[in-house]
Every structure is written in C-alpha cells, then in structure tokens.
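Student: Take a look at this one; I'll ask things after.
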Amino acid sequence: SDAHAAFDTASTKIEKQLRRYMRRLKDRSASANSAASTAAAELASGDAGYTLFQENTAEEEVEDFPLIVAETRVDIPDATVSDAVMMLDLRNTTALLFRNSGSGTYNMVYRRGDGTIGWVEPQRVS
C-alpha cells in the first residue's frame with residue numbers, strides 16, 4: 001500500500017514536470033538546432049554512461065593522487081543560459097557545463113544548496 005502511494009506521488013510529480021517543460025518548449029521559438037530539443041532527445045535516449053576503469057601503469061605508482069573510478073563522456077551543448085537551466089532540470093543533475101551561444105565561452109550552471117540556480121561565467125582577461 002505504501003509502495004503504491006509512493007509510486008503514485010512520484011508519477012504525479014513527473015507528469016507535472018513534463019507538462020511544465022513541454023509548455024516551456026512550445027513557448028520558445030522552434031529551431032532545428034535548439035538546445036532544448038537536443039536535451040530532450042538525449043534524455044529520451046539515455047546516451048550518458050559511465051566507464052569503470054583502473055589504470056595500471058608501473059611507472060606512475062603515486063599514492064598521493066585519488067583513484068579515478070568513473071568517467072562520463074557527454075557532448076557539451078551550445079545553449080543560452082535559460083536553455084542550460086532547462087537542461088539542468090531535464091537531466092536532473094546538480095551541474096551542467098555548456099558553451100554560451102551568446103559569448104562563445106564555456107559556462108556552468110549548478111543547483112545551490114538552498115535550491116536556487118548558480119551561474120559561473122569566466123572573466124574576460126584584458
């Protein structure tokens with residue numbers, strides 16, 4: 001009974017999120033290379049994955065460095081900041097690296113501890 005109630009609650013929440021994001025997608029102008037369309041396609045296909053490995057190089061047996069146990073290979077999307085925030089929500093992650101389509105620089109959006117969204121943009125060196 002509790003499992004059914006938890007499932008119903010979770011499915012209701014997911015349905016609400018999907019309706020909200022579909023409404024946002026409809027409100028935006030549709031373009032062939034829209035970052036939001038790419039994010040939805042990646043979410044549906046589940047392309048992101050992990051590779052577990054341990055490098056065994058006899059020359060570099062340094063114990064000071066932590067062992068890398070997982071690696072994720074993903075494409076870095078070109079997006080506006082608002083599209084990147086939408087992708088962050090769609091992918092249900094805590095951080096997203098993207099190439100800002102306005103400035104051409106690599107930026108990051110992330111979910112802060114208080115629930116708000118942070119945005120990191122590199123300083124231009126003059």
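Student: May I ask you to list the residues in region 99-118 that are free of Cβ contacts under 8 Å to residues at least 24 places away in the same chain and assigned to a strand (DSSP E or B)?
Tutor: Arg99, Asn100, Met108, Tyr110, Arg111, Gly118
Student: Provide a single number: the residues in region 84-100 that are closer than 11 Å to Tyr21 by Cα and either over 8 Å from the mean Cα position of the chain (by Cα) or assigned by TED's automatic domain parsing to the domain that holds Tyr21 (or both). Before the answer, list the steps.
Tutor: First, the residues of region 84-100 that are closer than 11 Å to Tyr21 by Cα: 86-87, 89-90.
After this cut, where a residue has to be either over 8 Å from the mean Cα position of the chain (by Cα) or assigned by TED's automatic domain parsing to the domain that holds Tyr21 (or both) as well, the list is 86.
Residues in region 84-100 being closer than 11 Å to Tyr21 by Cα and either over 8 Å from the mean Cα position of the chain (by Cα) or assigned by TED's automatic domain parsing to the domain that holds Tyr21 (or both): 1 in total.
Student: Take the residues in region 101-126 that are of a type in the set (Lys, Arg) and either in contact with a Gly (Cβ under 6 Å, 6 or more places away or on another chain) or farther than 20 Å from Arg20 by Cβ (or both), then tell me which one is surrounded by the fewest Cβ atoms within 10 Å (Cβ to Cβ). Give the steps one after another, and end with the answer.
Tutor: The first filter runs over region 101-126 and keeps only residues of a type in the set (Lys, Arg), leaving 111-112, 124.
From what is left, the residues that are either in contact with a Gly (Cβ under 6 Å, 6 or more places away or on another chain) or farther than 20 Å from Arg20 by Cβ (or both) are 112, 124.
On the way: Arg112: 9, Arg124: 7.
It comes out as Arg124.
Student: Looking at region 61-77 only, could you name the residues that are surrounded by fewer than 16 Cβ atoms within 10 Å (Cβ to Cβ) and at pLDDT 90 or above? Lay out the reasoning, then the answer.
Tutor: Our first condition is that a residue be surrounded by fewer than 16 Cβ atoms within 10 Å (Cβ to Cβ); within region 61-77, this holds for 61-76.
Ile76, the sole residue that qualifies.
Student: Based on this model, can you work out whether Val125 counts as in a helix (DSSP H, G or I) and either among the small types (Gly, Ala, Ser) or outside the structural domain of Arg20 (by TED's automatic domain parsing) (or both)?
Tutor: Details: in a helix (DSSP H, G or I): no; either among the small types (Gly, Ala, Ser) or outside the structural domain of Arg20 (by TED's automatic domain parsing) (or both): yes.
Criteria not met by Val125.
The values are calculated or read from the model by the stated rules, or taken from the named source; none is laboratory data. For clarity, every value in this text was computed on a predicted model and none was experimentally measured. Don't worry about glycine lacking a Cβ; one is built from the backbone with ideal geometry, like all the others, and counts go over all protein chains shown.
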